[in-house]
1. Restrict the check to region 195-213 and report whether at least one residue is loosely packed, with under 12 Cβ neighbours inside 10 Å and at pLDDT 95 or above.
2. I need a count of the residues in region 49-79 that are in a helix (DSSP H, G or I) and either modelled with pLDDT under 95 or in contact with a strand residue (DSSP E or B) (Cβ under 7 Å, 6 or more places away or on another chain) (or both).
3. Leu177 versus (1) open to solvent by 30 Å² or more (accessible area, probe 1.4 Å); (2) closer than 21 Å to Val203 by Cβ; (3) not in a helix (DSSP H, G or I): which is the lone unmet condition?
4. Can you pull out every residue in region 250-283 that is under 22 Å from Asp16 (Cα atoms) and open to solvent by 10 Å² or more (accessible area, probe 1.4 Å)?
5. Could you check how many residues of region 127-161 are without any contact (Cβ under 8 Å) to a residue 60 or more places away in the chain, open to solvent by 10 Å² or more (accessible area, probe 1.4 Å) and not in a helix (DSSP H, G or I)?
6. Given the conditions (1) surrounded by fewer than 12 Cβ atoms within 10 Å (Cβ to Cβ); (2) at pLDDT 95 or above; (3) among the aliphatic types (A, V, I, L, M), which single one is not true for Val35?
7. Among the residues of region 91-106, what is the count of those that are aliphatic (A, V, I, L, M), assigned to a helix (DSSP H, G or I) and either open to solvent by 40 Å² or more (accessible area, probe 1.4 Å) or closer than 21 Å to Val274 by Cα (or both)?
8. Can you tell me which of Leu55, Leu109, Leu64, Leu50 is more than 16 Å from Val274 (Cα to Cα) and crowded, with 17+ Cβ neighbours inside 10 Å?
Amino acid sequence: NAKKRKINRKNLNTLDVDRDNPLKGKLIIQMFEKVSTRTRLSFYIAIKQLGGSALTLRSDELHLAKGESLADTAKILSTYGNAFMLRTDSDEKLKEFKKHINIPIINGLSPSSHPTQVLSDIFTIEEIKKKPISKLNICWIGDANNNVINSLIVASVKFSFNLNIGCPKKYEPKKPLLSWVKKNRGKIYIFNDVKKAANNADVIFTDKVISMNDKINKAKKIKDFRNFTVTTKIIDCAKKDVIFLHCLPRGSEVSNEVFLGKHSKVWLQALNRVYLQKSILLYCLDKL
């Protein structure tokens, strides 16, 4: 669906509505408790292109911040909106909203997961490689304890692809998640040697060493990752046509040479968030 809609939008301007106007009259309510650039823009453009409207709320401007219950807030959102997208600093809050809301709720990012990002990344990979991700070797280099890699690990099981993780020993994925992977026969391999992790990779991912949820000694963590920067030497360990992806924003975890080089597809990756969000919205509102 995302691929088809992207092709069908050739020669249309950013806010021109898709010709079938599938979400005419629909309202998506968005709430951001954490900073956002790509998720905010892509969901706004996605709903506009589908013919609907977006309303962005700030949690500190709602009565929710002044003592109104989450349950009552959820009922009000259900009364006015057709879907609710929440970018939150609390997994518990996401679960509570899900319990009380009567419209589809979309996780735009939580401390433990970032599913819309990873689904979009899979779309980008398959678009570039022109084959299912199940036939590709995916590599993650960096902290294996953040929301993006958590969602990528889950996706590796759901979409059945090989996932190599290159990270320092004390930054490996949490044991409950690895137990779930093992139970579901996932193909995940962990390396503390970054070059071995990148060997034969079709795709190399990385992310900021210091993520939004980190409450740690930042200088120490940066030092722990000094040998896990994605450089041209790492790219050379992968396949010749390897692609480099980064959900952004970037930090010191990738060299400028790689980030701006021929293997990097980060700008297409960011653009494709729009098309995947459209599929998510259509799915949620039974219009897929």
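1. Residues of region 195-213 loosely packed, with under 12 Cβ neighbours inside 10 Å: none.
No, region 195-213 has no match at all.
2. 8
3. It fails just one condition, (3).
4. Correct list: Trp267, Leu268, Ala270, Leu271, Val274, Tyr275, Leu276, Ser279, Ile280, Tyr283.
5. 6
6. (2)
7. Applying the first criterion (aliphatic (A, V, I, L, M)) to region 91-106 yields 94, 101, 103, 105-106.
Then drop every residue that is not assigned to a helix (DSSP H, G or I), which leaves 94.
If we keep only those that are either open to solvent by 40 Å² or more (accessible area, probe 1.4 Å) or closer than 21 Å to Val274 by Cα (or both) as well, we get none.
Result for region 91-106: 0.
8. Leu64
The values are calculated or read from the model by the stated rules, or taken from the named source; none is laboratory data. Because the structure is predicted, anything quoted here is derived from the model rather than measured. Counting neighbours? That spans all protein chains shown, and the Cβs are built from the backbone with ideal geometry, glycine included. Calculation scope for accessible area: heavy atoms of the full protein, side chains included, ligands and nucleic acids excluded. Shrake-Rupley method; radii C 1.70, N 1.55, O 1.52, S 1.80 Å.
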